[in-house]
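The values are calculated or read from the model by the stated rules, or taken from the named source; none is laboratory data. Please read these numbers as outputs of a predicted model, since none were measured by experiment. Counting neighbours? That spans all protein chains shown, and the Cβs are built from the backbone with ideal geometry, glycine included. Accessible surface is based on the protein model in full, side chains and every heavy atom, while ligands, DNA and RNA are left aside. Shrake-Rupley method; radii C 1.70, N 1.55, O 1.52, S 1.80 Å.
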Amino acid sequence: MASLKFDDNNVPYLDLGDGYRIALEGDEYSDAKAKEKAARELRETPDVVEQSLQELRSLLQEEKTLYVPMDNDAFMIKFLRPCKYYAQSAFELIKRYYRFRSKHPDLCDELYPASVKHVYAEGLVHFLPLRDQHGSRILVLECGRRHVVDVASEGYRMFPNTRISGVFTLRTPAYLVHDPTLYKQMATKDFDHFTDHVTDFRIETDPILARSLFFTNGAHWRQHRSGLSPAFTGSKMRSMFGLLSKSAGDAMGRLLVFAAGKPFTMELRDLYSRLGNDVMTSISFGVEVDSLTDRDNEFFLKGKRLAQIDGLPGLKFLMATTIPRVFHFFRLSGMYKDVNDFYTDAVARNIQLRETNRITRPDFIHLLLQARKNTLGAEKHEDEALQDAGFSTVKEHTFEQKGEGKMSWADIDIAGAAASFFFGGIETTTTLLCFTSYELAVNPDIQERLQAEIDEQRESLADGRTPTYEVLQKMKYLDMVVSEALRRWTPLGLTNRKCTKNYTFTNTDGTRVTIERGQNISIPLKYFHLDEKFYPDPLRFDPERFADPNNINQDAYVPFGTGLRNCIGSRLALMQAKCILFYMLSNFIIKPDTKLTIPIVIDETSAGLNAKHGFWMNLVPRSAVPFLPTPTEKWKPSKVSLTDLFRAVQLALEAGMYEPRTQLNGAVVILDMEGLALSQIMQFTPKFAAMALDWIQQCTAMRLKSVHIVNNSYLFNMLFAIFKPFLSEKLRKRLFFHQKDWNSLMSHVEAKCLRPKYGGTLECLETDGMLLGEMFELYHKEYELANSFGYLKKQD
């Protein structure tokens with residue numbers, strides 16, 4: 001852990017371990033190399049320094065309303081060095097600097113580290129311990145790193161004693177539900193007020209997505225849900241289980257052959273997405289594929305594009321949700337055209353083949369063809385016995401159809417339904433499997449207990465290895481593990497509804513709140529699950545929570561949602577996840593690889609739930625278990641205002657200006673835009689951009705050598721467009737855009753100066769923002785002196 005210490009001269013510094021430290025270097029440089037560079041680049045010789053100081057004092061004496069310490073050589077040199085000791089230029093810089101401070105009192109008055117300590121505590125602004133190869137101080141600004149679910153759910157933490165809070169989607173007011181009981185009431189008893197989801201796709205541009213159950217609304221949704229519900233009963237899942245088990249078992253056999261009895265390293269998201277692709281291709285489209293061996297088969301490649309929720313598809317989904325009019329005006333589509341065409345054609349050909357050859361196969365296409373013929377129904381007595389697929393299984397509701405009629409189930413409708421099953425079965429289940437495997441790897445005692453239960457059940461199986469639907473149903477500890485994984489790592493952490501008719505309820509304080517027709521509500525499922533009111537020590541992975549279901553607040557456990565629009569595929573997801581875990585833990589011990597980050601670091605840029613650095617595991621065949629060594633969130637505008645962030649950057653640069661070596665060698669800025677969100681971009685205006693660049697380009701007594709923008713995505717382009725008109729040609733030439741090309745960054749900054757997350761080799765403790773702020777506070781007298789100078793204020 002980093003610590004704040006003092007050297008022999010009582011100078012404070014941050015100790016980052018292994019000899020690395022961060023300290024403000026107030027002493028003048030005395031080495032010959034620095035002096036030679038100062039003379040060459042800044043004209044800094046004793047005679048020039050003395051002459052420039054005299055000239056600058058003379059100029060300042062004429063500026064009667066400007067109060068500065070003309071007897072303080074260090075202060076004067078701070079402005080002379082960036083101007084290469086041209087007194088007139090330094091004089092103009094001083095005037096611009098203090099005019100800026102006078103013009104923007106909200107940004108500059110009482111500029112002390114204590115006023116922005118919360119900014120440093122968030123880790124938004126910090127130094128790297130080493131200077132670059134040119135001696136420049138490296139300042140890092142990390143502006144993103146906030147997951148979309150956390151951004152949208154921020155009000156849950158800010159207002160803990162209310163049933164609901166207000167939130168803005170861009171400039172549109174909406175609501176965030178805090179009370180699980182209120183959510184349940186909205187989703188069941190008062191469902192008629194919240195029948196629709198927010199995202200709206202049109203059949204003309206999105207023939208597959210618009211027919212997906214999740215994205216249909218109104219009467220069409222009622223028809224769709226009513227027609228599909230009999231396909232997801234316990235008996236239908238049991239009928240399909242043979243296909244699922246065969247696909248997963250065959251894949252596990254190939255994995256064992258690959259292992260050849262020896263441990264090997266694998267990234268599990270890739271593995272589980274391939275297993276999920278094969279399973280869902282089999283039960284959704286009636287096609288057998290092998291994505292472990294045939295790694296680029298067409299179904300896997302198209303499936304990746306179908307399930308892609310980051311990048312351009314993620315932006316389109318965001319637009320369809322936040323600015324639907326713009327989305328529809330430009331006739332945009334959420335899914336790639338080639339993916340639409342592929343699945344439409346695949347389903348049509350499959351149906352034609354079945355009908356021509358009278359093929360019957362217990363999969364989704366078969367069930368939907370039964371629905372087309374109006375012969376799909378539930379076997380009531382059998383379903384009651386198979387109803388429970390685990391604690392997390394959602395309750396199926398019946399509802400009045402209000403005369404809408406039944407779905408006709410044309411080929412394109414079947415394609416839309418099959419594609420939506422495919423998407424849900426891959427993306428959600430893969431996430432569940434990845435995080436469950438992570439928890440099992442870092443909690444070996446839990447893994448051992450689960451394997452003991454699996455081994456016990458295998459003894460009762462005919463072949464000792466192939467599970468049945470009923471066997472998985474009665475495995476209590478497996479269900480406890482999966483239930484806890486869904487609580488701790490909820491795959492879909494946020495859901496939404498659109499109010500379809502005015503809704504009034506009573507808030508905690510007794511006030512009546514009315515949600516108007518057309519307004520949106522968000523439900524933070526993740527935050528229900530991580531609320532210590534419902535789950536003590538909520539960040540701890542503890543399957544024992546589910547040992548007695550009566551101890552769980554059922555309203556606050558909603559991994560598949562609740563009410564009439566809950567997840568229709570909960571049984572399928574649980575069946576698939578449990579089956580794959582059964583096979584995996586029957587054959588392998590899951591151990592953390594040295595490349596696995598512990599604790600796991602969430603990828604804030606991903607629209608879904610994912611690990612930033614992957615799920616790297618050692619898979620050890622249980623037939624050969626050798627010893628393997630076990631390796632040992634950012635800008636939230638609701639907590640840190642843009643003004644405070646700007647003030648913190650000012651203070652950090654003021655600290656650099658205090659250092660003679662930084663005055664000579666300048667500063668390099670790394671602007672890390674990872675996880676940049678629309679909520680952050682909306683804080684910036686052209687007026688602010690013009691002001692900020694005026695300060696950077698005209699008013700700062702700092703040699704800004706270069707600005708390196710990393711992890712910049714398509715959203716950054718929106719932010720950059722605000723600043724671009726105000727950029728000077730000089731600063732444009734010093735801007736470098738690297739995205740994630742670390743070789744590009746290292747062509748400017750040596751690898752030894754950069755942390756591994758930027759491609760470098762600097763291995764030391766992370767800078768503790770709280771301690772950095774405390775270190776700056778120890779220079780309060782210096783900041784107080786700086787704040788006492790400037791233009792004299794007019795008296796009333």
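Couple of notes before you dig in:
- Most positive-pole-ward Cα, ALA248, VAL287, ALA210, against dipole of the chain from beta carbon charges: ALA210
- For ASN502, net neighbour charge (Lys/Arg +1, Asp/Glu -1) across residues whose Cβ lies under 13 Å away: +1
- Three-way shape call for region 681-789 based on the alpha-carbon gyration tensor, with the a/c threshold at 1.5: oblate
- Hz values of 3J(HN,Hα) by residue in region 89-101 - Karplus curve (6.51, -1.76, 1.60), Gly and Pro given as x: 5, 5, 4, 5, 5, 4, 4, 4, 4, 7, 5, 4, 5
- LYS35 accessible area, 1.4 Å probe, all protein chains in place, Å² to nearest 10: 110
- Relative contact order computed over region 523-571 (Cα-Cα under 8 Å; 6+ residues apart), in percent: 33
- Computed on protein heavy atoms with a 1.4 Å probe, the accessible areas place PHE723, PHE91 in the order PHE723, PHE91, largest first.
- Couplings for region 252-261, taken from phi via the Karplus curve 6.51 cos²θ - 1.76 cosθ + 1.60 with θ = phi - 60°, read 5, x, 5, 5, 5, 4, 4, 5, 6, x Hz in order; Gly and Pro are left as x.
- Taking a Cβ cut-off of under 14 Å around ARG488, the surrounding Lys, Arg, Asp and Glu residues balance to a net charge of -3, with basic ones at +1 and acidic ones at -1.
- All lysines inside 20 Å of LYS591 as judged from Cα atoms, apart from same-chain residues fewer than 8 positions distant: LYS262, LYS578, LYS612
- Ranked by the mean number of other Cβ atoms within 10 Å of their residues, highest first, the peptides 277-290, 250-263 fall in the order 277-290, 250-263.
- Set LYS189/LYS636; LYS95/LYS687; LYS78/LYS752; LYS35/LYS733; LYS246/LYS476 screened for pairs whose C-alpha atoms are more than 32 Å apart: LYS189/LYS636
- Of the listed residues ARG361, ARG305, the order by accessible area with a 1.4 Å probe, largest first, is ARG305, ARG361.
- Probe 1.4 Å, protein heavy atoms only - accessible area per residue of region 712-796 in square angstrom: 61
- ARG96 contributes an accessible area of around 80 Å² to the protein surface, as traced by a 1.4 Å probe with all chains present.
- Helical mean residue ellipticity (222 nm; -39500 (n - 2.57) per DSSP H run of 4+; nearest 500) of the chain: -13500 deg cm²/dmol
- Computed on protein heavy atoms with a 1.4 Å probe, the accessible areas place SER408, SER728 in the order SER408, SER728, largest first.
- Calculated Rg and Dmax of region 1-154 using C-alpha coordinates, Å: 19.9, 62
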